Amino acid sequence: MNYVDVGGVRSSKVVIGGMRYAGKPLRQIEEIIIEALKAGANTFDHADIYGKGDSETVFGLAMKDLEIPRESLVLQTKCGICDGYYDLSREHILASVENSAKRMNTDYLDILLLHRPDSLMEPDEIYEAFDVLQSEGKVRAFGVSNFSPAQIEMMRSAGIRVSANQVQLSLMHSPIIDEGLSFNMENAEGLGRTQGLLEYCRKNKIVLQAWSPLAYGFIEGVFVGNESFPALNAELFRLAEKYSVTPAAIAIAWILRHPAGMQAVVGSTSPERIGELCKATDVTLTREEWYALYRAAGKRLP
């Protein structure tokens with residue numbers, strides 16, 4: 001397993017997502033944690049809205065039951081999405097951290113992300129909340145999710161250190177990469193939807209975390225093994241055979257190969273699959289292989 005620095009926190013390149021833990025047997029969640037740690041994945045991603053908090057609760061019970069030393073885990077959660085609106089007010093952030101920590105049976109969180117931009121957010125107010133949380137030892141590092149460069153700049157202008165930005169990215173959803181490759185071209189890819197987010201984050205040492213790294217569309221489904229994408233799957237299977245890993249691990253390796261030093265958030269509830277996906281860090285795709293996958297996904301090079 002490889003690791004990256006997120007605001008002073010040593011975090012695994014493959015992050016284990018807990019979005020679908022709610023309603024799953026406690027033993028199943030324990031096996032996921034055991035398999036992840038065995039593979040070197042120390043970071044677990046949550047959000048207060050996953051299962052209306054139940055995903056964090058079952059994870060906290062599993063962590064307590066396994067008696068895992070707290071310092072061996074990196075716990076990351078997100079806040080700000082409410083029922084029909086977003087709330088990044090000082091009060092909501094503080095209350096969310098308190099509740100998430102309680103559900104996960106921990107005194108502190110390693111990383112807190114603001115889940116979605118709130119049009120009514122006040123950067124100075126967010127800074128105050130972060131300052132309280134850090135000074136009280138309740139959160140070690142801060143970041144955002146689905147934020148644009150301009151929105152991050154607004155945070156930074158208020159003195160907030162943004163260490164990570166979690167965005168949707170996969171072989172079948174790669175606008176942050178398409179945009180740069182198609183600069184000044186008269187095609188849809190070069191329209192600049194992400195405002196140069198990839199280069200902005202690289203320049204400012206902000207770690208990009210890829211969510212839904214195996215999905216196409218807006219969480220429409222998984223492309224690996226999907227007959228709707230024959231060219232891509234043929235290339236994934238060819239490289240999987242070469243590197244002795246699964247096709248899904250190759251899809252994750254494609255993200256990790258980028259020099260931006262990204263992380264990939266994988267959300268499987270299968271302990272065995274978690275172990276297989278973590279093997280992506282054992283693969284370093286060649287430049288030719290990386291571009292071959294990109295083209296197989298239907299992308300055009302100028």
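Descriptive notes on the structure:
- Assessment of the stretch 258-272 against the conditions (farther than 19 Å from Thr43 by Cβ, open to solvent by less than 30 Å² (accessible area, probe 1.4 Å) and in contact (Cβ under 8 Å) with a residue 60 or more places away in the chain) yields no matching residue.
- Pairs with Cβ under 8 Å, 6+ apart, first in the stretch 282-300 and more than 20 Å from Tyr3 (Cα to Cα), second modelled with pLDDT of 95 or more and of a type in the set (Val, Ile, Thr): Leu293/Ile250; Tyr294/Ile177
- A Cβ distance below 8 Å, combined with a sequence gap of six or more or placement on separate chains, defines the contacts here; from the stretch 19-31, residues that are open to solvent by 80 Å² or more (accessible area, probe 1.4 Å) reach residues that are polar (S, T, N, Q) and at pLDDT below 95 in the pairs Arg20/Thr269.
- Residues that are of a type in the set (Gly, Ala, Ser), open to solvent by 10 Å² or more (accessible area, probe 1.4 Å), modelled with pLDDT of 95 or more and over 20 Å from Gly7 (Cα atoms) do not occur anywhere in the stretch 59-78.
The values are calculated or read from the model by the stated rules, or taken from the named source; none is laboratory data. Owing to the predicted nature of the structure, the values given are computational and were not obtained by experimental measurement. All Cβ positions, glycine included, derive from the backbone under ideal geometry; neighbour counts span all protein chains shown. Calculation scope for accessible area: heavy atoms of the full protein, side chains included, ligands and nucleic acids excluded. Shrake-Rupley method; radii C 1.70, N 1.55, O 1.52, S 1.80 Å.
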